[in-house]
Amino acid sequence: MAENGFRNLLWFMGVVEDRRDPRKMGRLRIRCFDIHPDSKEDVPTETLPWAIPVIGSYDFNYKPPIEGSWVFGFFLDGDDAQHPMVLGVMPGMPTTFHNSTQGFNGKSDINPKPDDAYNPDVNRLARGEEPGETHLAVQHVTLEDIEPKPPYNAQYPYNKVQETESGHVFEMDDSPASERINIRHRKGTYLEVGPTGTQTNKIVGDGVTIIERNGKVLIKGASDVTIRGTSNIKVESDCNLTVDGTMTTNVHGDYRLNVGGGIYMNSGDIFSQKSSSIKQEAYLDSYNLFARQHIVSQSEVGNIHIYANTGFISAYANTDVRIENGGNTYFNTTGKYNIKSADNIAIDGTKIDLNTSGAVEVDPGYTVYVRGTLTDFVSPSGKAQHSKDTIRTGLGKPIDRKFPFETVYDEETYSSIIDPPDTGHSDVDEGA
Amino acid sequence: MAENTFDIGFGGISNATLSHYHKKNAPPFNIANYITELSFSESIDSPALMGQMKLLDSSGLIDNFPIIGEEIFNLTYVDFFGNEISQEFLIYSVSDAVPGEQQNFMYYTLNFVSAHHFLDVSRKVQKSYQNLTVKEIIQLIFDEYLVDETRFPNSNNEIEIEDTAGIQTIVIPSLRPIEAINFLSRRSFSDVNKSSNYHFYQTREKFKMKTHEQMIKDGRPKAIEYTYNPALLASEISDRDDGMNNLLKLEIPNRLNTIREIASGAMITDVVEIDILNKQMIHNPYTYKDTFQDYTHNEKSVRFPHTNKFRQDFFEADGMSKSHLVFVDSERPNQRYIDIIAPRTSNLYYHSEFTLSVEIYGRNDLFVGDVIKLGIFEFEESSSKQPELNKSFSGYWLVNSIDHTIEIDKTYKCKLKLSKDLAHGDNSGVSTIAELTSEFEG
């Protein structure tokens, strides 16, 4: 009880024996020197009054001192000593192993740890002593290829360390020339900013990043991303990829590009495709090729086939149409075969063999010249001089194919039809 | 009625011996003939009997015995009525030593105290008590810390504790046993006696922890009656018992003190409960006017101390001059600060505002915490009519303390400090009269 304010506070010093406040408000049970006895039989920990913390940092989410911590405070009700308040902790160096059966000992198995005897309460990381006893040893062992070595080089008293009882660490290190920020989970996940501003973010478990609104990433230098498992990228809206330089995509397996809409590929220079085999199919509509200049189709060792399964094949050129080949040329049609020219028609050959089951009609509008010896001849009156089988022998047998038929691809490797342009960049595979 | 031949005011030492603490089986040394005067006191505010005796030592007792401050002093004394009381004390200091003119003797004073006090100052209570009433806790502390029949087999270890309400869990914070009991008595609540004005004290008979209300209830039925006639000489008294019941002296140290009353918060106060965890501050105003009829007073009819106008102008108009901050711990029920603090403050004050100091011939049947009844006539010029009793000074008085003095001439006197919370009143005065009938006659 106090009258007209607090005039008779009773100051105390004591040891935290319990911080498991059932109301979860940061209260502590403290055994106070010269107020409470050593004996836990006379005063069990659970009968000690709860001390309310006075939080000088004005942060209600303060970290209650762990069992075994030495603290300082006062009793609001003076000598009655039933309403303690605790002001803060006092660092020290335990010189005895704790015995939780006795008062003034923490019952936690965390602090003081048996091996913490003769070690100050100030964290090793803050002291810069025996860092190998800390998580740094593990961090060195589990170092990845691209992971920089821990930049820890703390000097007392510059490193401000908060380490929780399970091993989470938060460091704000102002050690000269070794300034760092380190946030580390007990499992090894950490985020560390080194003295040069280099930041390492290592996640030993799964990693999830969620940005509820827009996100931006700017990397001013080069960037390497290595994904050792399957990577899935899903863009639920448009995706724009802009590459100011050359973009090289190396796929060691298949490359499957599935597009629900159209594919529009525009190139300011050559568009080159190279593959062991190329198959393109317009399964619903036309397949169009357009070139400002030439269109060249070349088959080095195989054939070139053009089929119109249900339609016709037309070829149109403003100037000449040339069909040249080193072997024979066959035109085979089930319908009529018409050759029409607005100019002369010239047929050159060592022999011209006209073979028909019907008549051969020559209906010139002008004179018919026959140069050379005319041996066999059928007169307009229909009188035959030779059998027709003898005449057809020179043409050979007709082609035995009918549309549609399956295309047979040649599996043999053949060389490029067009040499790739010189980009000035070495091939990635070669560089690797 | 005493059937003895003692002179009025007789009282004497029957036995007074010193024993070495470390040689309890050795025959005690009789010092009765050394004692020129012996006095000791008891009080409802003191948990120990303390006294002193003046010795005329012509045999070098102090050095030869020697007296080193650990002697057991056994005292037996008898009063006019032949009642004898034996008690055990411990010598704890020697003071006021004055050598005789011829250096053939020495005067000095031996100070003594009840043995429990030695146990008290040498022990400390650091212990928690769970789910017990305060009465039970006090009994446990008393038995464990203030009773040591091995070291002090002749001590009177009886204690009488008034019931307390409510189960409590409490840690005694390193207090001496008597401090611990006083600490607990301040936290005691009585369902019966609403003042909760508990006192822990030691009489020549036993220890007690009682409210002043209970003292009054217990004391009024057996109150010894005294009259005051200073002009009457003992030799003129025909009835020896009447002589024993005549006040030898009467003084009035305190009659009233309004300034002190206002400042004390006895009339009006505020108990402010602070609940830190629940972030609550609750004012609990208290006025004596509203509650004084709930308490047991010395008198059946009492006069409220002030008129309504004065009370309103000086106790209430400018707010409360006194407040008490208490801290609520919701996890420790039955603290009942509101029920204890304000009533206790009021009752403590009003039992100190009106006090008398009287001197009587010593008697062994009167103890602190008892009640005596005074019959004191009006302090007026004598007139022809029969003198009337003064209503303020007459009536029932609580014995707060007794200083016993036994002198070498075999006279035994007691100085009593008496208190009365509210004066007997009637309707002729300026203030309110309250008729209190409940339990008045015990």
### Summary
So, first residue within 27 Å of A:Glu324 (Cα to Cα) and open to solvent by 80 Å² or more (accessible area, probe 1.4 Å) in segment A:342-371, second residue modelled with pLDDT under 80 and not in a loop (DSSP other than H, G, I, E, B), Cβ within less than 8 Å, six or more apart or across chains; the pairs are A:Lys351/A:Gly394; A:Leu354/A:Ile391
### Query
Do we have A:Asn201 as open to solvent by 80 Å² or more (accessible area, probe 1.4 Å) and assigned to a strand (DSSP E or B) here?
yes
### Task
State whether the residues of segment B:106-121 include one that is among the hydroxyl-bearing types (Ser, Thr, Tyr), open to solvent by less than 10 Å² (accessible area, probe 1.4 Å) and over 21 Å from the mean Cα position of the chain (by Cα).
yes
### Summary
A careful count of residues in segment B:29-74 that are within 23 Å of the chain's Cα centre (by Cα), hydroxyl-bearing (Ser, Thr, Tyr) and assigned to a strand (DSSP E or B) gives 3
### Task
Considering (1) modelled with pLDDT under 90; (2) more than 14 Å from chain A (Cβ to nearest Cβ); (3) surrounded by 19 or more Cβ atoms within 10 Å (Cβ to Cβ), say which one B:Leu325 fails and leave the rest.
(2)
### From B:Ile372, B:Ile338, residue being within 14 Å of chain A (Cβ to nearest Cβ) and of a type in the set (A, V, I, L, M, F, W, C)
B:Ile338
### Message
assigned to a helix (DSSP H, G or I), closer than 21 Å to B:Ala48 by Cβ, within 14 Å of chain A (Cβ to nearest Cβ) and open to solvent by less than 70 Å² (accessible area, probe 1.4 Å): which single residue out of B:Ile178, B:Ile138 fits that description?
### Response
B:Ile178
### Task
Name, by its number, the condition in (1) within 11 Å of another protein chain (Cβ to nearest Cβ); (2) under 60 Å from the mean Cα position of the chain (by Cα) that does not hold for A:Phe74.
(1)
### Message
So for segment B:143-150 (the condition being touching a Leu at 6+ places or on another chain (Cβ under 8 Å), open to solvent by less than 10 Å² (accessible area, probe 1.4 Å) and outside the structural domain of B:Asp63 (by TED's automatic domain parsing)), does at least one residue qualify?
### Response
yes
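If you scan segment B:401-414, which residues turn out to be open to solvent by 20 Å² or more (accessible area, probe 1.4 Å) and not hydrophobic (A, V, I, L, M, F, W, C)?
B:Ser401, B:Asp403, B:Thr405, B:Glu407, B:Asp409, B:Lys410, B:Thr411, B:Lys413
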### Task
Identify, from the list A:Thr310, A:Thr319, A:Thr248, A:Thr230, the residue that is surrounded by 10 or more Cβ atoms within 10 Å (Cβ to Cβ) and part of a loop (DSSP other than H, G, I, E, B).
A:Thr248
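Hey, any hits in segment A:3-17 for a residue that's under 21 Å from A:Leu87 (Cβ atoms), open to solvent by 20 Å² or more (accessible area, probe 1.4 Å), of a type in the set (Phe, Trp, Tyr) and within 9 Å of chain B (Cβ to nearest Cβ)?
Looking for residues that are under 21 Å from A:Leu87 (Cβ atoms), open to solvent by 20 Å² or more (accessible area, probe 1.4 Å), of a type in the set (Phe, Trp, Tyr) and within 9 Å of chain B (Cβ to nearest Cβ), one finds at least one in segment A:3-17, hence yes.
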### Message
Could you check segment B:307-351 and list, in sequence order, the residues that are among the small types (Gly, Ala, Ser) and out of contact with any helix residue (DSSP H, G or I) (no Cβ under 9 Å at 6 or more places or on another chain)?
### Response
B:Ala317, B:Gly319, B:Ser323, B:Ser330
### Query
Any idea which of (1) within 30 Å of B:Tyr337 (Cα to Cα); (2) within 12 Å of another protein chain (Cβ to nearest Cβ); (3) surrounded by 13 or more Cβ atoms within 10 Å (Cβ to Cβ); (4) touching a strand residue (DSSP E or B) at 6+ places or on another chain (Cβ under 6 Å) is the one A:Gly103 doesn't satisfy?
(1)
### Task
Could you tell me whether A:Gly68 is more than 10 Å from chain B (Cβ to nearest Cβ), open to solvent by less than 50 Å² (accessible area, probe 1.4 Å), on the phi > 0 side of the Ramachandran plot and modelled with pLDDT under 90?
yes
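Just the residues that are at positive phi and in contact with a strand residue (DSSP E or B) (Cβ under 8 Å, 6 or more places away or on another chain), please, taken from segment B:336-384.
Within segment B:336-384, B:Gly369 is the sole residue that qualifies.
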### Task
Give the residues of segment A:127-150 that are open to solvent by less than 40 Å² (accessible area, probe 1.4 Å) and at pLDDT 85 or above, sorted by residue number.
A:Arg127, A:Gly128, A:Glu147, A:Pro150
## Note on the structure
Per the filter on segment B:87-135, residues more than 14 Å from chain A (Cβ to nearest Cβ) and basic (Lys, Arg) are B:Lys135
### Query
Scanning segment A:34-60 for residues that are surrounded by 14 or more Cβ atoms within 10 Å (Cβ to Cβ) and hydrophobic (A, V, I, L, M, F, W, C), which turns out farthest from the other protein chains (Cβ to nearest Cβ)?
A:Ile55
### Query
When the residues of segment A:80-94 are filtered to those that are facing another protein chain (nearest Cβ under 10 Å) and free of Cβ contacts under 8 Å to residues at least 60 places away in the same chain, which remaining residue is surrounded by the most Cβ atoms within 10 Å (Cβ to Cβ)?
A:His83
### Query
When you go through A:Arg124, A:Arg27 one by one, which is the residue that is within 14 Å of another protein chain (Cβ to nearest Cβ) and open to solvent by less than 60 Å² (accessible area, probe 1.4 Å)?
A:Arg27
### Message
For segment A:119-162, which positions are over 29 Å from A:Met90 (Cα atoms) and in contact (Cβ under 8 Å) with a residue 24 or more places away in the chain?
### Response
A:Val138, A:Gln139, A:Thr142, A:Glu144, A:Ile146, A:Glu147, A:Pro148, A:Pro150, A:Pro151
### Message
So, in segment B:328-355, how many residues would count as being modelled with pLDDT under 80 and hydroxyl-bearing (Ser, Thr, Tyr)?
### Response
1
### Query
Is it true that B:Ile216 is assigned to a helix (DSSP H, G or I), closer than 30 Å to B:His117 by Cα and hydrophobic (A, V, I, L, M, F, W, C)?
yes
### Message
The conditions are (1) modelled with pLDDT under 85; (2) touching a Phe, Trp or Tyr at 6+ places or on another chain (Cβ under 8 Å), and B:Val271 fails exactly one of them. Which is it?
### Response
(1)
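Consider B:Thr169 carefully, then state whether it is touching a Lys or Arg at 6+ places or on another chain (Cβ under 9 Å) and without any contact (Cβ under 8 Å) to a residue 60 or more places away in the chain.
On the way: touching a Lys or Arg at 6+ places or on another chain (Cβ under 9 Å): yes; without any contact (Cβ under 8 Å) to a residue 60 or more places away in the chain: no.
So B:Thr169 fails the test.
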### Options B:Glu353, B:Glu331: the member that is farther than 30 Å from B:Asp275 by Cα and of a type outside the set (A, V, I, L, M, F, W, C)
B:Glu353
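The values are calculated or read from the model by the stated rules, or taken from the named source; none is laboratory data. Predicted model only: the values in this text are computed from it and were never measured. Cβ coordinates were reconstructed from backbone atoms using ideal geometry, including for glycine residues, and neighbour counts include every protein chain displayed. Just so you know, the surface numbers come from the protein's heavy atoms only, side chains and all, with ligands and any DNA or RNA stripped out. Shrake-Rupley method; radii C 1.70, N 1.55, O 1.52, S 1.80 Å.
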